[in-house]
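Shown next, in structure tokens, is the structure this report addresses.
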Amino acid sequence: MKPDDTNRLLSTDEAAARLNLKPDTLRQWRYRGCSPPFYRVGKGPGARCHYRASELEEWLSNKRFISTCGGGVRADRTKNSR
């Protein structure tokens, strides 16, 4: 991603592609409250949801793990921080 693209708003389809997901998966996550932060533009059923590229990258970096054992070990944890 180019530095000037970090403030760009991505559509649900673009954000899903960036995360290698189907757009419906991202919509489900939004409904459940576990999606990346998003912006609603408009009102009612026609409102569109958009994701800021930089926030999407930050959300994704917080999902980084090095193990699935015991509920997962976050990549930013070290032996000294336990």
Could you check segment 14-24 and list, in sequence order, the residues that are in a helix (DSSP H, G or I) and not charged (D, E, K, R)? A15, A16, A17, P23
For segment 1-22: of the residues being among the acidic types (D, E) and loosely packed, with under 11 Cβ neighbours inside 10 Å, which is modelled with the lowest pLDDT? D4
Return the residues of segment 23-69 that are surrounded by fewer than 16 Cβ atoms within 10 Å (Cβ to Cβ), touching a residue at least 24 places away in the same chain (Cβ under 8 Å) and among the charged types (D, E, K, R); say none if nothing qualifies. R48, E57
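The values are calculated or read from the model by the stated rules, or taken from the named source; none is laboratory data. Since the model is a prediction, treat every value here as computed from it, not as a measurement. Positions of Cβ are generated from backbone atoms using ideal geometry, with glycine treated the same way; all protein chains shown enter the neighbour counts.
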